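Some notes on the structure that comes next.
Rule-based calculations on the coordinates, nothing more; no lab input. Computed from a prediction, not measured in an experiment: that's the story for all the values here. Every residue, glycine among them, receives a Cβ derived from its backbone with ideal geometry; neighbour counts consider all protein chains shown.
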Amino acid sequence: MNSRKVAIIGAGIGGLTAGYELSQKGYVVTVFEKEKEIGGLLSKFEMAGKNLEKTYHHIFKTDKEIISLIKELGLIDKLKWYKSSTSIYSTDKFYPFNGVIDLLKFEKLDLISKFRLGLVYLWLKFDKNWQKYKKITATDWIKKWAGKRAYEIIWKPLLKGKFHEYYNKVSMAWLWARIHTRGGSKNEKGEEVLGYLDGGFGQINNKLAKNLNVKTLCPSDISLDRATSDFDIVIDTRPIKDVDYIGAVDIVFSSKQSLSNYYWHNINDFKSPFLVMVQHTNLMGNKNYNGKNIYYLGTYVPQNHKYFKVSDKEIEKEWFDYLKKIKPEFDEKQVWEKKVFRFKNAQHIVTTNYKVPSYKVGEKTYRLNFAQIYPEDRGINFAVKEAKKLAMMIG
Ligand SMILES: Cc1cc2nc3c(=O)[nH]c(=O)nc-3n(C[C@H](O)[C@H](O)[C@H](O)COP(=O)(O)OP(=O)(O)OC[C@H]3O[C@@H](n4cnc5c(N)ncnc54)[C@H](O)[C@@H]3O)c2cc1C
């Protein structure tokens, strides 16, 4: 029986999956987490009497690794698939954006731009050869093939909203992966479906952690030196120094009011303080949430952004004021519960020179971080895939 001691720094789903896999092989695993609770970007909290993710989460039918882990952990009965719906706010109003008919009706683009945009989606969905997109920026590629107008109206607000000053440096490989891998999340009728775990994805973290020795805030930051001297193997999931990350901020609130019939809303307006509005309960219904609607307003910001310094109240004021502008019926008095969350390391920046950080960094030290996910966008499916890969590597 293998009884070698493993230390894992960080109890996100990546670290926990690696711990779970290694403990199955007989390793004795201790996980050190700097926060009060486990889960990292997928950590949970309570609202409307239910466990919710601190920031919006769903999975895709193509997310094979996480689906298989959910099965293995005995949670598959809770995984439900729901028809998704998307809307775009563009300068003055919301437009449905769910397929060819909506695209044809979308008045912000001329017919030729719509045609080119449709073809580009199809092309990226079917083209498997992502290598050729590595060295070209998403900005240049989209401008060339979908045209300048489609870039300005659809893509630039998304790229800028997500990557800020890096927006025109992001590799086309990243955008290819988003469209290519997610395009296959369809039901039998060909409609886009998204998966959600009844009771929240946090249950996965709890199940993974069950047989591991998890130490939260104890010590808050174990040094690599101490870990390497006390343990046979160390897996470090902390942010990597040579990688540029961007942060994320969101407000979650519950309200009796329903503001939309759609689940996902891209806010394509440079004046908006948030990038997306997600009416979570428009995916699975609000029956399980005491009849309340759950909303996420979210955005990505540089790590030195004022949102990491100002009070929650200031963020709420700015964001709710803007929400009233785009949804005049929004009544703040009907907001039941609200919570602001901030994440300093939410997304790595994949430029055209991106180099995947190595896994083995010392004689007995390994690295496991979502920055190793490439070209796919980081997501819980790939965090699990990477963790399993590393556990295999360790043997
Ligand atoms: C806004 C947003 C929306 C998202 N939506 C989706 C979605 O819909 N679907 C999807 O699949 N994915 C989504 N993701 C991505 C998903 O949440 C992540 O890919 C995944 O949770 C990353 O897990 P991880 O373990 O790799 O990293 P993390 O969750 O970042 O885990 C790292 C852990 O290390 C801890 N740590 C850091 N420093 C130290 C230290 N010094 N000592 C001890 N511990 C430390 C952190 O506190 C954290 O718990 C979203 C992410 C964001 C930000």
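Here are the numbers for this structure:
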read-out: Pair F126, R238: separation of 7 Å Cα→Cβ label points (nm); value: 4.9 nm
read-out: Cβ charges +1 (Lys, Arg) and -1 (Asp, Glu), total dipole of segment 1-64, debye; value: 160 debye
read-out: Other-chain or far-sequence residues with amide H under 5 Å of T216's (modelled H); value: E33
read-out: Three-way shape call for segment 131-174 based on the alpha-carbon gyration tensor, with the a/c threshold at 1.5; value: oblate
read-out: Evaluated at q = 0.08 Å⁻¹: base-10 log I(q)/I(0), Debye formula over Cα of the chain; value: -0.43
read-out: Computed [θ] at 222 nm, deg cm²/dmol, the chain (DSSP H ≥ 4; -39,500 (n - 2.57); rounded to nearest 500); value: -9000 deg cm²/dmol
read-out: Exposure proxy order (Cβ contacts within 10 Å, fewest to most) of K215, K143, K71; value: K71, K215, K143
read-out: Anisotropy class of segment 73-129 from Cα gyration tensor, a/c 1.5 cut; value: oblate
read-out: Among Q334, H305, V350 - extreme Cα towards positive end, dipole of segment 303-364, charges at beta-carbon; value: V350
read-out: Antiparallel DSSP beta bridges within segment 1-102, percent to nearest 5; value: 55 percent
read-out: Degrees between helix 312-326 axis and first principal axis of the chain (Cα, 0 to 90, nearest 10); value: 30 degrees
read-out: Contour excess over end-to-end distance, with Cα ends at K135 and D331 and 0.36 nm allotted per residue; value: 65.9 nm
read-out: C-alpha long axis of helix 111-126 to longest principal axis of the chain, angle in °; value: 20 degrees
read-out: For segment 338-390: rounded, prolate or oblate by the Cα gyration tensor [a/c cutoff 1.5]; value: prolate
read-out: Computed FRET value (nearest 0.05) for N98 with K271, which takes r as the C-beta separation and R₀ as 22 Å; value: 0.30
read-out: Likely footprinting exposure, K61, K271, K292, K80, fewest C-beta neighbours within 10 Å first; value: K271, K80, K61, K292
read-out: Amide proton proximity set for L275, modelled H, under 5 Å, gap of 5+; value: G298, T299, Y300
read-out: Per-residue HN-Hα couplings for segment 362-368 [Karplus 6.51, -1.76, 1.60; θ = phi - 60°; Hz; x = Gly/Pro]; value: x, 3, 10, 10, 10, 10, 9
read-out: Cα-based helix-to-principal-axis angle, 380-394 vs the chain, degrees rounded to 10; value: 30 degrees
read-out: Karplus (6.51, -1.76, 1.60) ³J(HN,Hα), θ = phi - 60°, over segment 133-149, in Hz, Gly and Pro reported as x; value: 8, 4, 9, 10, 6, 4, 4, 5, 5, 5, 4, 5, 9, 9, x, 5, 5
read-out: Rounded to 5, percent antiparallel among DSSP beta bridges of the chain; value: 65 percent
read-out: Lys/Arg +1, Asp/Glu -1 at C-beta; the chain dipole; positive extreme among G40, N168, I373; value: N168
read-out: Qualifying chymotrypsin sites (Phe, Trp or Tyr not before Pro) in segment 316-395, DSSP loop, other Cβ atoms within 10 Å at most 13; value: none
read-out: Long-range amide H partners of T351 with built H, under 5 Å; value: S171
read-out: Across K50/K125; K44/K143; K114/K186; K78/K210, pairs whose alpha-carbon gap is larger than 29 Å; value: K50/K125; K44/K143
read-out: Calculated from backbone phi, Karplus (6.51, -1.76, 1.60) coupling profile of segment 348-357 in Hz, x at Gly/Pro; value: 8, 9, 9, 8, 6, 9, 4, 10, 5, x
read-out: Calculated FRET efficiency for the pair K5/T91, C-beta based, R₀ 45 Å, to 0.05; value: 0.20
read-out: Likely footprinting exposure, Y245, Y121, fewest C-beta neighbours within 10 Å first; value: Y121, Y245
read-out: Those aspartates and glutamates that a straight Cα-Cα span of less than 14 Å connects to K148, excepting residues fewer than 8 apart in one chain; value: D110, D140
read-out: Sites K64 and K34 - FRET efficiency at Förster radius 41 Å, r taken between beta-carbons, to 0.05; value: 0.85
read-out: Cross-link table K169/K241; K80/K189; K64/K271; K93/K287; K61/K169, entries beyond 27 Å C-alpha to C-alpha; value: K64/K271; K93/K287; K61/K169
